[in-house]
Amino acid sequence: MTYVLTGLGLVLLIEGLVYALAPSLVEDLLAALRSLTLEQRRLFGLLAMALGLCVLMAAHLLGG
């Protein structure tokens, strides 16, 4: 449970930093996402999930 809360806290921290430091960038990103088809957004989401899994696996392997 500690890992879940730590991960959630890190996600919220990074999301908050993006909104606080570059709110116009968020609007541009949302506009770019609106221009993509549903299939492209799904593929982007799957790729992001795969990248996240790779990062977690690397962190696990490096951490011992």
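The values are calculated or read from the model by the stated rules, or taken from the named source; none is laboratory data. Here the structure is a predicted model, which means the values were calculated and not measured. Don't worry about glycine lacking a Cβ; one is built from the backbone with ideal geometry, like all the others, and counts go over all protein chains shown. Heavy atoms of the whole protein, side chains included, go into the accessibility calculation; ligands, DNA and RNA do not. Shrake-Rupley method; radii C 1.70, N 1.55, O 1.52, S 1.80 Å.
Quick notes on this structure:
- With Cα atoms, 0 to 90° folded angle of helix 38-63 axis to the chain main axis: 20
- When a 1.4 Å probe is rolled over the protein heavy atoms, the share of accessible surface on the chain that falls to carbon and sulfur comes to 77 percent.
- Accessible surface area normalised per residue over the chain is 92 Å², counting heavy atoms of protein chains with a 1.4 Å rolling probe.
- Set of the stretch 42-64 residues, backbone N closer than 19 Å to the point 7 Å along the Cα-Cβ line of residue 17: 52-53, 55-56, 59
- Rounded to the nearest 10 degrees, the inclination of helix 23-34 to the longest alpha-carbon principal axis of the chain is 80 degrees.
- Were the residues from residue 2 through residue 38 laid out at 0.36 nm apart, the gain over their Cα-Cα distance would be 9.5 nm.
- Note: the chain, Cα convex hull, 101 Å³ per residue.
- To the nearest ten degrees, helix 2-21 and the longest principal axis of the Cα atoms of the chain are 30 degrees apart.
- Segment residue 31..residue 49, full-extension length gain: 4.3 nm, with 0.36 nm per residue of separation and the alpha-carbon distance subtracted.
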